[in-house]
1. Please find, within region 453-470, the residue that is most open to solvent (accessible area, probe 1.4 Å) out of those that are in contact (Cβ under 8 Å) with a residue 12 or more places away in the chain and part of a helix (DSSP H, G or I).
2. Do we find that GLY518 is touching a Lys or Arg at 6+ places or on another chain (Cβ under 8 Å), more than 28 Å from GLU578 (Cα to Cα) and part of a loop (DSSP other than H, G, I, E, B) in this structure?
3. Need the failing condition index for GLU154 against (1) open to solvent by 10 Å² or more (accessible area, probe 1.4 Å); (2) more than 12 Å from MET81 (Cα to Cα); (3) assigned by TED's automatic domain parsing to the domain that holds ASN290, just the number.
4. Go through region 170-194 and count every residue that is outside any loop (DSSP other than H, G, I, E, B) and either among the aromatic types (Phe, Trp, Tyr) or open to solvent by 50 Å² or more (accessible area, probe 1.4 Å) (or both).
5. Which of the residues that make up region 471-492 are buried (at least 17 other Cβ atoms within 10 Å of the Cβ) and of a type in the set (Ser, Thr, Tyr)?
6. Do you know which of the residues in region 568-592 that are touching a residue at least 24 places away in the same chain (Cβ under 8 Å) and open to solvent by 50 Å² or more (accessible area, probe 1.4 Å) is farthest from MET493 (Cα to Cα)?
7. Is one or more of the residues making up region 329-346 open to solvent by 20 Å² or more (accessible area, probe 1.4 Å), within 23 Å of GLU200 (Cα to Cα) and part of a loop (DSSP other than H, G, I, E, B)?
Amino acid sequence: MSRRGAETQRSALFNSASLFASLRASAPLREPQKTPMPKHSTKNLKIIGQPLTKVDGPAKCSGLTVFADDLTLPGMLHAKMVRSTRPHALIRRIDTSGAQAMQGVQAVLTGSELPVTFGILPVTQDEHTLAPEKVRYVGDPVAAVAAVDEETAEEAARRIEVEYQDLKSIFSIQEALDTEEPRIQDYGQGPNIHKLVAFEFGDTEEALEKSDWVQEDVTFYEGNTHLPLEQHSALGHFQPDGRLTVWSSTQTPHYVHRALAKVLGLPASRIRVIACPNGGGFGGKSDPFNHEIAIAKLSMKTGRPVKITLTREEVFYCHRGRHPVLMRSRMGFTKEGKITGLQFRSLLDGGAFGSYGVASTFYTGALQTVTYHIPRYKFEGCRVFTNKPPCGPKRGHGTPQPRFALEIAVDKAAEQLGMDPAELRLQNLVEPDSLTANWLRVRSIGLKSCIEKVVDASGWKEKFRQLPQGRGVGLACSSYLTGAGLPIYWNSMPQSAVQLKLDRSGLVTAFCGSTDIGQGSDSVLAYVVAEELGIDPDQVQVITGDTSLTPVDLGSYSSRVTLMTGNAAIQAAQRAREFLDAAAAEKLEIPLQRLTAAQGRLFDAQDPEHGVDFAEAIELAEAKFGAIGTVGSYKPPRSPGRYKGAGVGPSPTYSYSACVIEVEADPQSGIVTPVKTWIAHDLGQAVNPLLAIGQVEGSIYMGLGEALMEEQVFRRGVHKIPNMLDYKSPTSMDMCPVETFLIETPDAEGPYGAKECGQGPLLPVPPAVVNAVYDALGVRIDEIPVTPERVLKALQAAQKGQAARLGPKGFPTVPYPEPLWVPPPWEGGDGRAQKRPARKREPALQAQGGHE
């Protein structure tokens, strides 16, 4: 029987410690899953599912890959930006004469020359290329210079004098809520409140009142940054014919293209944006940035190419990383461990600008219902402005914080109910092919297999609450999007498109607007095209991320590329096959249905020797039909939710993860050391198991950093540690062994059943760590990172007879609006908001525990 036959679907099992040996020695094991078959058959796959080399691997390993900062053009100038030294101030005067007088300086730019604002979301177009009147955080750009070399540009930037009039600065969530004047931004839903949202799906207060146990918690997730190895870099060239080309280390060339057209006032058709290979992004290169527009304008002023590469300190101040989030939850349970309802509040510190903040606010609540079945759900979210660098999307965008809060709550509830945390989770899983309380469609779910796999592999039942003092295990689960259901600018057009050109030589060129940021999306595109056409991936040339050459793809974010670009590529390749098959079948004089493509040939399935090679098939098709080129596109299915706010959260499908982490926690020093991690991830179908494991384990690495050491912190608006020496992040010496299990539950929406694997595996790591610390030391750390200082404070509190917990004391008063009332599907709802039935106002939420 075929290893990939429908009757033998199994979950791929790989032990990362012996990965290469296991891949060579044996086929991956798979566990049966009762899930709908994907619309693209997984039978007899030749390329998909194999541990192949990345198409860009040889170039990267040999140093041939050209990153943005490697680019040079004749006559190229270098740019530097002048950044604010004040967190909040009016600009009274900018004197550029000192810079302009310098030999080698070719142009100086200030905010008055670029008055049009921009931003990633249509509802938050609040950023200027250079601040014209007011600065809002330390690092806010106020001027830019272009000179013959970097040293001259840097010195010229130092000679620009800026006179400020300081304004009161806001550095914390509480200060933002308490301060009416001055306002950081002149829009929002309160003086310094950016966004307020509130929804209720069923009467949660009634559900909690009828519960046998209500778990109440206040938790805090500190902000942190992306820390890609490659700094931001961009090169702009305004040509004599009035066309502008910008090369940039961006994840979203389509949206940079939009911003350039808007701010510079140029026709979009005369702007070309080329996304260079990224040396890491993780969401930090998803916004259009000031420097990308500034170098374009400087090129327009000088008539010469202009390049800028930010310093590491500047990257820290650009930020757009993880929001600091304070959270409060009340979760009800029956005595048997069934969840009855959830009330959840989030409060985000957004920094000085909007960025993706509206979406970030929704994401702190939207996906809470996708992991466990929550019959009734209430979510209230708030994002405030502060005088710090703007926060935005980082790996897992908006979802690691609430996952942290809920997985801790589930563990605490299990202890109160006298249940094994794994068993409690298993009896609350969302069902496949179901709707959640907030009207999200869950198609396939392999979380049961994920939990069972890590519980068994880790020896959970033998270790949990049974290890010696200072050693413990923790469990957590998660879910994540496989692409957002709606585009940032709502429209009815496809979210991804692929164009194929078939050459007589047998070469296939695939064009797509997606961007490879290290996750392997270029390789996925080549694998899919090769699979459908029956050729080797080496015969597929990939051209991506060029707004003039490639069809639109919205960018590399929300784990969307494999599913959306993959589906578009399948459609384009299948259309190409129609041309090839018709011509080849005519040549071979056989019925179309007997024609098969594999190993670079099209041949008779009943007589494999009777066939033509791929290049000949192209020549036959070109002689019959003309030049062969096809297109394919993908648009996600519509979500059943019809209420205002239902646009954030829907996804074609969701991935699932379960993670067990074993730690050593030293009660003398407070140091927590991960010993080993076991993770199982439901990725639908592994397009390339080798790349998938790399993505999963990269998420583990990043999750451990966030859990134990990473924090983006400030002192009066100045970053405390804006460098890679002082900003603590794990090195290879800090990384513990990881045992990775790929659970395959092919999903009907994914290409060959594939789902995401690049972001979701991060989510269970921080809560698994703190749950393990509790198992090891008997103290709860309800905020991260779990630094030695926090562990010691919690232990000292326990020794004094106080609550064995360290975390936020309470939750501030927030002017949340009256929730939008949307009955869940099982209570007669239709996905639309309705008038709320009369009821009593709920009592104020009470927090547990204390804080030192």
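The values are calculated or read from the model by the stated rules, or taken from the named source; none is laboratory data. Since the structure is predicted, the reported quantities are computational estimates derived from the model, not experimental observations. We place every Cβ from the backbone using ideal geometry, glycine too, and count neighbours over all the protein chains shown. We work out accessible area using only protein heavy atoms, side chains counted, and drop any ligands, DNA or RNA first. Shrake-Rupley method; radii C 1.70, N 1.55, O 1.52, S 1.80 Å.
1. That would be LYS461.
2. no
3. Unmet for GLU154, out of (1) open to solvent by 10 Å² or more (accessible area, probe 1.4 Å); (2) more than 12 Å from MET81 (Cα to Cα); (3) assigned by TED's automatic domain parsing to the domain that holds ASN290: (2).
4. Residues that pass the stated criteria total 3.
5. Across region 471-492, the qualifying residues are SER478, SER479, TYR480, THR482.
6. LYS587
7. Yes, because at least one residue in region 329-346 is open to solvent by 20 Å² or more (accessible area, probe 1.4 Å), within 23 Å of GLU200 (Cα to Cα) and part of a loop (DSSP other than H, G, I, E, B).
Quick grid of which residues meet (1) free of Cβ contacts under 8 Å to residues at least 40 places away in the same chain; (2) surrounded by 20 or more Cβ atoms within 10 Å (Cβ to Cβ):
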{"residue": "PHE238", "(1), (2)": "no, yes"}
{"residue": "LEU244", "(1), (2)": "no, yes"}
{"residue": "ALA261", "(1), (2)": "yes, no"}
{"residue": "GLY265", "(1), (2)": "no, no"}
